[in-house]
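First comes the structure, then the notes that go with it.
The values are calculated or read from the model by the stated rules, or taken from the named source; none is laboratory data. Keep in mind the model is a prediction, meaning the values are calculated, not measured. Counting neighbours? That spans all protein chains shown, and the Cβs are built from the backbone with ideal geometry, glycine included.
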Amino acid sequence: MELTALTAAALAEKIQKKELTAKAAVQACLQQMRRLEPELNSFVTIDEKGALAQAEEVQQKIDAGELTGPLAGVPIALKDNLCTEGLRTTCSSRMLEQFTPGYTAEAVRRLQKAGMIILGKTNMDEFAMGSTTETSYFGATKNPWNLAHVPGGSSGGSCAAVAAEECFLALGSDTGGSIRQPSAFCGVTGIKPTYGTVSRYGLIAYGSSLDQIGPIARDVMDCALLLDVIAGWDAKDSTSIRQDGAGGMPPGGYGFAEALRAEEAAGMVKCLQGLRIGIPRDYFGQGLDPEVKTSVLAAAQTLACLGAEVEEFHLGLVDYAIPAYYVIACAEASSNLARFDGVKYGHRAAAYEGLHQMYKRTRSEGFGPEVKRRIMLGAFVLSSGYYDAYYLKALRTKALIKQEFDKAFARYDLLLGPTAPTTAPRLGESLADPIQMYLGDVYTVAVNLAGLPSMSLSCGIDPAGLPIGLQLIADCFGESRLLRAAYALEQTRTERRCPLAQTEQPGAEQTIFAPAGPSDAGSEPAERSE
């Protein structure tokens with residue numbers, strides 16, 4: 001088997017057994033990037049020298065017995081909205097094209113502590129605003145299953161990189177489906193944890209009450225291992241939740257991966273006995289592709305064969321999730337992005353007269369069309385005379401949506417449905433109709449409004465050869481149930497490798513590494529919760 005085709009868990013095991021080195025893993029990823037990046041465009045910044053230096057340091061600690069964790073030595077990519085000291089962080093925007101943070105996000109710091117090696121920053125929709133990774137200032141990322149299609153968004157670069165085997169794992173952020181939807185489009189596995197499970201310190205904010213960092217991997221076990229690393233209370237983030245009553249995390253971590261290994265050891269036959277799974281009828285109506293519906297319902301039948309009790313039910317207020325989400329998210333975005341004014345950091349217009357003109361020209365030049373659209377919508381719904389009619393009403397709707405989920409989880413352990421109504425659209429189709437792009441989030445945004453954990457995994461391939469994803473949803477802090485059901489389902493399917501990852505392309509020796517770049521300013525843009 002090719003080195004890049006290994007799972008992260010298998011790679012780490014080989015490194016611990018001295019069958020491979022961390023440097024060899026990094027070099028394999030870099031070679032894959034050389035081969036694919038000219039077409040794929042998954043990365044904004046690739047830190048070749050830094051990754052090789054990290055590999056040497058990590059290998060020494062592994063050899064000395066100082067690093068024995070299940071992901072030590074594994075290369076990982078970061079979405080380009082996670083601040084990393086000394087490494088360019090752009091949010092795929094001209095506004096932060098040359099920004100280099102002076103501190104590191106807490107989730108990234110935990111990766112480093114676990115001995116993981118950071119390869120660079122992945123492409124994304126500008127400031128995480130989009131569902132296709134086409135709004136990036138650095139150009140669109142393409143879907144590795146078919147280069148004429150989008151990878152989804154806003155974490156499309158991370159998902160495409162994992163699917164194309166340019167890295168073994170990646171971190172993304174999910175505001176309304178931005179991990180789960182591109183995971184479905186790229187045929188990988190992604191988790192949006194319960195709000196507050198992973199620290200947001202150092203995550204450049206889009207919608208502060210909705211954003212959550214989460215893992216992206218090729219299988220469920222790798223997702224569980226990565227979630228074990230990044231989850232836990234953080235005093236620097238006021239929205240971080242103490243789950244052990246005393247701060248930090250439970251002794252030995254949350255044990256998500258350990259629980260899966262126990263399931264595997266016990267045998268997978270009827271392993272979901274007694275698990276109650278609800279299928280919202282509201283998720284299978286108009287607008288859902290027949291191929292997606294068939295694949296998701298087939299997966300539901302498989303779960304029933306594994307012992308789960310599966311039944312349909314009505315989930316209320318589904319039609320109100322999209323408008324409530326976009327009102328709240330855009331309102332928070334208009335507030336969060338007000339800090340980008342050209343004064344302290346980031347882009348500044350070259351020619352202006354007076355402070356106000358500098359603000360206007362800097363923001364006109366620095367922000368793309370989709371970001372401007374959402375800022376304007378957010379400013380409108382927060383304005384005098386419209387606050388009660390739109391923003392306050394959206395907050396009330398959010399509370400009602402949470403109540404509907406509470407009712408559902410009084411009857412069921414998990415909910416199951418499609419991740420997206422279609423497979424990946426062709427490049428350019430969604431940008432031509434922004435409203436249609438927003439409606440593509442119909443199955444994912446309610447989870448963020450309610451603060452629930454959810455994950456997407458592949459459940460089939462459509463006639464065009466594009467992956468189909470299903471979504472599992474649990475009640476707050478129900479990640480273990482999610483992983484258990486997803487792991488059981490995964491054992492019943494045949495593993496599929498992305499064709500692009502296996503095919504040699506011309507120009508493999510072409511140098512495509514983007515330099516980290518010097519900072520043109522010296523302050524941090526990320527929301528830093530105290």
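Table: residues versus (1) surrounded by 14 or more Cβ atoms within 10 Å (Cβ to Cβ); (2) touching a residue at least 24 places away in the same chain (Cβ under 8 Å); (3) under 28 Å from LEU472 (Cα atoms).
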{"position": "PRO369", "(1), (2), (3)": "no, yes, no"}
{"position": "ALA389", "(1), (2), (3)": "no, no, no"}
{"position": "ALA394", "(1), (2), (3)": "yes, yes, yes"}
{"position": "THR397", "(1), (2), (3)": "yes, yes, yes"}
{"position": "ALA410", "(1), (2), (3)": "no, no, yes"}
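Collect the residues in the stretch 226-281 that are of a type in the set (D, E, K, R), at pLDDT 95 or above and touching a helix residue (DSSP H, G or I) at 6+ places or on another chain (Cβ under 8 Å), keeping them in residue-number order.
ASP228, ASP234, LYS236, ASP237, ARG276
Take the residues of the stretch 183-237 that are of a type in the set (Phe, Trp, Tyr) and in contact (Cβ under 8 Å) with a residue 40 or more places away in the chain: which is nearest to ASN448 (Cα to Cα)?
Narrowing the stretch 183-237 to residues of a type in the set (Phe, Trp, Tyr): 185, 195, 201, 206, 233.
Next, only the ones that are in contact (Cβ under 8 Å) with a residue 40 or more places away in the chain stay: 185, 195, 201, 206.
Values: PHE185: 19, TYR195: 8, TYR201: 18, TYR206: 13 Å.
Among those that are of a type in the set (Phe, Trp, Tyr) and in contact (Cβ under 8 Å) with a residue 40 or more places away in the chain, it is TYR195.
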* Structure fact -> Reported set for the stretch 207-233 where residues are in contact with a Gly (Cβ under 9 Å, 6 or more places away or on another chain) and either among the acidic types (Asp, Glu) or farther than 21 Å from VAL162 by Cα (or both) is GLY207, SER209, LEU210, ASP228, GLY232, TRP233
* Which of the following residues is in contact with a Phe, Trp or Tyr (Cβ under 8 Å, 6 or more places away or on another chain), part of a helix (DSSP H, G or I), crowded, with 19+ Cβ neighbours inside 10 Å and of a type in the set (Gly, Ala, Ser): ALA55, ALA12, ALA25? -> ALA25
* Across the stretch 102-114, which residue is surrounded by the most Cβ atoms within 10 Å (Cβ to Cβ) among those that are assigned to a loop (DSSP other than H, G, I, E, B) and within 21 Å of the chain's Cα centre (by Cα)? -> ALA105
* Considering each residue of the stretch 361-391, count those that are under 19 Å from GLU97 (Cβ atoms) and assigned to a helix (DSSP H, G or I), and give that number. => 11
* Structure fact -> Note: among ALA205, ALA184, just one is assigned to a loop (DSSP other than H, G, I, E, B), crowded, with 24+ Cβ neighbours inside 10 Å, among the hydrophobic types (A, V, I, L, M, F, W, C) and out of contact with any Pro (no Cβ under 6 Å at 6 or more places or on another chain), namely ALA205
* To do: Scan (1) of a type outside the set (A, V, I, L, M, F, W, C); (2) assigned to a loop (DSSP other than H, G, I, E, B); (3) under 30 Å from TYR487 (Cα atoms) for the single condition LYS344 breaks and write down its number.
  => (3)
